[in-house]
Amino acid sequence: MFLGTHEPRLDEKGRLFLPAKYRDELSGGLVITKGQERCLYVFPMAEFQRITEALRSAPVTAKAVRDYSRVFFASASDEVPDKQGRITVPAGLRAYAGLERDCVVIGANTRLEIWDAAAWARYEADQEQAFADLSEEVLPGVL
């Protein structure tokens, strides 16, 4: 499970330090791909394979499945962190998420998300009231 908020910076070569607490879990490899709201999703390889299997069993006749799969897989890049815990974020994914220097890496349960720091601040501010309002609808009887 991935939790927390971290604020690494991209270096001039497009590399990003992974949060230290997750380096062991991600050391064997990971997949970076486009996420919703112009962020990037970072999946441990095992979780990416689980999602792949789920999409493989979804009906290819459903247009939404085809559309989602095309974007999800076409933008995916498999990476192995270097000895210092850095990954290279491909240029196309950096452009999609608007990543230049200051980033935010958030834990999102089964994945990490990489955001441009300013975009994350705007998103978080916009969602504050919605988060409070949705607790009963999203998790009825839990919170």
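The values are calculated or read from the model by the stated rules, or taken from the named source; none is laboratory data. Predicted model only: the values in this text are computed from it and were never measured. As a convention, Cβ positions derive from the backbone with ideal geometry for all residues, glycine included, and neighbour counts pool all protein chains shown. Keep in mind that these areas ignore ligands, DNA and RNA; they rest on the heavy atoms of the full protein, side chains included. Shrake-Rupley method; radii C 1.70, N 1.55, O 1.52, S 1.80 Å.
Restricting attention to segment 71-87, the residues that are more than 19 Å from residue 39 (Cβ to Cβ), open to solvent by 90 Å² or more (accessible area, probe 1.4 Å) and at pLDDT 95 or above total 1.
Filter segment 1-12 down to residues that are among the hydrophobic types (A, V, I, L, M, F, W, C) and within 18 Å of residue 43 (Cβ to Cβ) and give me whichever is surrounded by the fewest Cβ atoms within 10 Å (Cβ to Cβ). Among those that are among the hydrophobic types (A, V, I, L, M, F, W, C) and within 18 Å of residue 43 (Cβ to Cβ), it is 1. Within segment 13-50, being small (Gly, Ala, Ser), within 21 Å of residue 84 (Cα to Cα) and open to solvent by less than 50 Å² (accessible area, probe 1.4 Å) holds for 14, 29.
Could you say which residue among 119, 95 is under 15 Å from the mean Cα position of the chain (by Cα), in a helix (DSSP H, G or I), buried (at least 16 other Cβ atoms within 10 Å of the Cβ) and of a type in the set (Gly, Ala, Ser)?
Testing whether each residue is under 15 Å from the mean Cα position of the chain (by Cα), in a helix (DSSP H, G or I), buried (at least 16 other Cβ atoms within 10 Å of the Cβ) and of a type in the set (Gly, Ala, Ser) leaves just 119.
I'd like to know if segment 100-114 contains one or more residues that are at pLDDT 95 or above, small (Gly, Ala, Ser) and out of contact with any Phe, Trp or Tyr (no Cβ under 8 Å at 6 or more places or on another chain). No, segment 100-114 contains no residue that is at pLDDT 95 or above, small (Gly, Ala, Ser) and out of contact with any Phe, Trp or Tyr (no Cβ under 8 Å at 6 or more places or on another chain).
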